[in-house]
Amino acid sequence: MKSKYGGSMDKIESIVKHGFSLAREIGDVLLVFTETGRTYKVLKKYLNKECGKNEGKNLKVVVTTPNEDTYSYLKNEKEIIPILLKYRNKYKSAMIKQAMIKLFENSLVKERDTVVAILGTPRASGNIDTISLIEVSSNDFLLRFYRFINSLESIKRLVVSEVLDIAMELSIEGKEGKPVGAMFVVGDSEKVLKMSSQLILNPFKGHDAIIFDKRVRGTIKELAGIDGAFIIGDRGEVISAGRYLEPLSCTLNLPLGLGARHYTAAAISKHTEAVAITVSDSGGIVRIFKDGEMVVEIDPNRLDRECFIPCI
């Protein structure tokens with residue numbers, strides 16, 4: 001029997017059943033991706049069957065979606081933790097990477113945890129065909145991001161997470177299908193402003209702009225192509241755009257091949273308590289700098305070698 005969402009119901013039922021069973025056996029988190037909520041409705045039958053049998057097994061069930069209507073429905077479900085993904089990915093590995101970042105940001109996963117993910121082809125509703133096993137302790141990128149995000153205080157973590165979402169959108173969606181280069185400096189804004197000057201009239205001056213406002217996010221994405229950096233306060237206030245950074249000269253230990261934008265971002269993070277996030281306009285790579293070092297490098301468009309178990 002075919003699902004109206006595009007996949008064989010027998011196949012979807014089988015994958016969800018085996019993914020749930022695997023997660024209960026060896027996992028700490030079950031991560032489910034859904035566009036319409038169809039996959040979750042299949043999973044829900046198994047969650048109801050196992051109700052009361054999960055004592056002693058602290059399995060977190062996290063259901064993610066990029067669809068706001070689906071997310072509104074999931075928020076009313078009691079046995080799961082719903083997460084709204086802010087953008088749609090091109091590859092399965094990128095979907096997992098985005099979701100894992102969200103798990104870390106929300107303190108839902110920790111070092112040495114095992115995550116079992118159920119997912120399908122990106123942007124294809126109902127096409128569930130993969131179970132993926134992610135071990136945080138064996139993934140260098142995930143460990144670096146976990147340690148970085150846990151080094152931030154709670155409020156700053158939320159702000160950095162929101163800015164990182166915008167950076168990833170600029171990398172994946174960009175303009176006319178191409179990444180848009182940008183730089184964001186988050187925190188210690190008083191000191192950052194003293195080490196910078198305005199290149200253009202500040203479009204945010206006189207506005208009570210907060211990074212968590214959808215309209216503000218949209219404005220930032222529209223302005224992302226201009227020269228200079230966005231300055232974001234510790235609590236998410238958008239202070240300025242088009243800011244030319246002039247940090248003191250210093251010795252930096254950075255990988256070869258990085259351009260002026262990245263050296264400036266590293267330098268401002270060394271001389272202040274700020275976190276700097278850059279998006280490369282050439283390849284869309286997102287880099288995070290703290291204390292003068294590049295702490296995380298994320299390529300949302302690269303198909304990484306993940307531990308995939310295709311269920312075809």
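Set against the labelled values (i) 1.00; (ii) 1.06; (iii) 0.93, Rg/Rh (Cα atoms, Kirkwood Rh) computed from this structure falls on (i). Within the shell defined by Cβ-Cβ distances under 15 Å, the residues around residue 62 carry a net charge of +3, with Lys and Arg each +1 and Asp and Glu each -1.
Of all aspartates and glutamates in the structure, those lying under 15 Å Cα to Cα from residue 78, and not within fewer than 8 positions of it along the same chain, are 50.
The Rg/Rh ratio of region 153-298, with Rg taken over Cα atoms and Rh as the Kirkwood radius over Cα pairs, comes to 0.93.
For residue 141 and residue 68 in the same chain, what is the full-extension length gain: residue separation times 0.36 nm, less their Cα-Cα distance, in nm? The partial results should precede the final answer.
On the way: separation 73, 0.36 × 73 = 26.28 nm, distance 2.85 nm.
The residue 141-residue 68 span can extend by a further 23.4 nm.
Using the Cβ of residue 271 as centre and a radius below 11 Å, the other residues enclosed give a net charge of -1, where K and R count +1 and D and E count -1. Projected label points at residue 175 and residue 222, each 7 Å from Cα along the beta carbon direction, are separated by 1.2 nanometres. Could you work out how much longer the chain between residue 197 and residue 84 gets when fully extended? Use 0.36 nm per residue separation minus the Cα distance between them, nm to one decimal. Fully extending the segment from residue 197 to residue 84 adds 37.0 nm. Provide the FRET efficiency to the nearest 0.05 for the residue 25-residue 246 pair, computing r from the beta carbons and using R0 = 51 Å. Result of the calculation: an efficiency of 0.35.
May I ask you to derive the FRET efficiency for residue 208 and residue 75 from their Cβ-Cβ distance with R0 = 35 Å, giving the value to the nearest 0.05?
According to the calculation, E is roughly 0.80.
Loop-located trypsin sites (Lys or Arg not before Pro) across region 98-195 with a Cβ neighbour count of 14 or fewer within 10 Å are 110, 112, 123, with loop assigned by DSSP. Based on C-alpha pairs under 8 angstrom that are at least 6 apart in sequence, the chain has a relative contact order of 17 percent. Charge tally for residue 105 (other residues, Cβ to Cβ under 12 Å; Lys, Arg +1; Asp, Glu -1): +2. Per-residue ellipticity at 222 nm from helix content only, as computed over the chain with -39500 (n - 2.57) for each DSSP H run of at least four residues, stands at -10500 deg cm²/dmol.
Structure note, pairs 75/102; 90/290; 86/156; 49/86; 175/205: Cα-Cα distances above 21 angstrom occur for 90/290; 49/86; 175/205.
No lab work stands behind these numbers, since they all come straight from the coordinates. These figures come from a predicted structure and were not determined experimentally. No Cβ is skipped: glycine too gets one built from the backbone with ideal geometry, and neighbour counts run over all protein chains shown.
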